[in-house]
1. Can you order the peptides 243-252, 95-104 by their average number of other Cβ atoms within 10 Å per residue, highest first?
2. For residue 382 and residue 200, compute 0.36 nm times the residue count separating them, minus their Cα-Cα distance, and round to one decimal in nm.
3. Give me the one-decimal nm value for the distance between modelled label points at residue 131 and residue 399, 7 Å along each residue's Cα-to-Cβ direction.
4. Using a 7 Å offset from the Cα along the Cα-to-Cβ direction at both residue 154 and residue 319, what is the distance between the two label points in nm, to one decimal?
5. Before anything else, pin down the relative contact order of the range 274-399: Cα pairs under 8 Å, at least 6 apart, normalised by residue count, whole percent.
6. With an 8 Å cut-off on Cα pairs and a minimum separation of 6 or more residues, tell me the relative contact order of the range 42-396 in percent.
7. Go through 365, 244, 228 and say which Cα lies farthest out towards the positive end of the charge dipole of the range 42-396; charges sit on Cβ, +1 for Lys and Arg, -1 for Asp and Glu.
8. Run the quick spin-label model on residue 223 and residue 176: label points 7 Å from Cα toward the beta carbon, then report their separation in nm to one decimal.
Amino acid sequence: MEIGAAFCHNGAVAIGSHRREPLEFPPESAGREGPRGLVPLQFRRQPGGRSRRIGILENLTTGSLCERRGSAPFSRPAASGRRKGGVNDERIFMRYLVTGGAGFIGSNLVRRLEADGHDVTVIDDLSSGHFKNLVGFRGDFYPEELSRMDLISVFSGRPAFDAIFHQASITDTTVMDQRFMMERNVEGFRRVIDYALRHTLPVVYASSAGVYGANPSPQTETQTPAPMNVYGFSKAVLDNIAAQAAKGYSRTIVGLRYFNVFGPGEDFKGAAASMIYQLYRQMKAGKAPRIFKWGEQGRDFVYVGDVVEANLRALSSRRSGSFNVGSGSFTTFNTLVDTLRESLKLDVKTEYFDNPYDFYQEHTHADIQAAKEAFGYSPQTTVVEGIREYVRILESRGR
């Protein structure tokens, strides 16, 4: 039975998980300790391998529970899928399906789920993901294009999953092939929803701040979507499909509108990697960092560890819907360059150039109040802290 994770002052977990350890990235990198918080879900395994949600644990971050019930960490699960609890009885891990699990955000999520003792199955066609993001992975892997899979048939011979994290997507926002983008992003999600509805599973999926287009900052979920490219449009359609599927549905379907995510694991995205990573590579190569004139454009950048935490917390959302996931702050391009320059201890001048794109969001800034209210999302890493930590990890890998 998974019953969440409340973290004590000494770093132990009060209930529902083991002592939190730093995320382990591929051997050439260093990890980071996951954000503090809890996964407030309570399940009990039913005959046939299914689970029943029996309660929600909230507001367990004060440490009082540790003092009341002790702070001994749980052991890792045995091969049977059971682990001995330090509170009362045995705990049973969950079975999760993660699509896009070899990609940037997906691989970070997979590592966190496995670190928490769960069984994870990954689907990824490796078009933008990479096996190196999953070195040490202990689960099953399907190297398939999701939009062409019949998940109901593929997984008919095994127990249903307890929940689905859908991260698979074409993430290159400059792709102009409209049909290709829509087929991959929309039809892939439709396959996930069909499977979830058949087995009555909760779904957490990756939407995008790209749905907002030129809407003014701060972007809020009440704004009418106005995507400026087909990528943003595809994500808006995902939100539409999810909203229809959630009507009268007994479980939650939660979309997370990611703003500009950065951090370990994005190396293999190439041109679609974050602006922070691109600038880092330029500066490490001894080149001037290049940004649009005059660097006062900006984004809501958010560290990947906080995005992983948002996914886990979204399973306990009080309602279905689409929610912003960002840092809740606005950072200019000039500030990014200054922070990288300071972190790398380099004295390089900035090169400014004209913006070549007609469809471009000059400013993004996530209003994250709805996510806070629905599932307790609260980012723990500032952009400056995230950049410094990210540089440390990249430097340790010799990148």
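1. Packing proxy ranking, top to bottom: 95-104, 243-252.
2. So the extension gain works out to 61.8 nm.
3. Taking the simple label geometry, residue 131 and residue 399 are separated by 2.0 nm.
4. Label-label distance for residue 154 and residue 319, simple model: 3.3 nm.
5. Taking the mean separation of contacting Cα pairs over the length of the range 274-399, I get 39 percent.
6. Reported relative contact order: 14 percent.
7. Of the listed residues, the answer is 244.
8. 2.6 nm
Computed from the coordinates by the stated procedures, all read-outs in this text should not be read as laboratory data. Please read these numbers as outputs of a predicted model, since none were measured by experiment. All Cβ positions, even for glycine, are placed from backbone atoms using ideal geometry, and neighbour counts span all protein chains on display.
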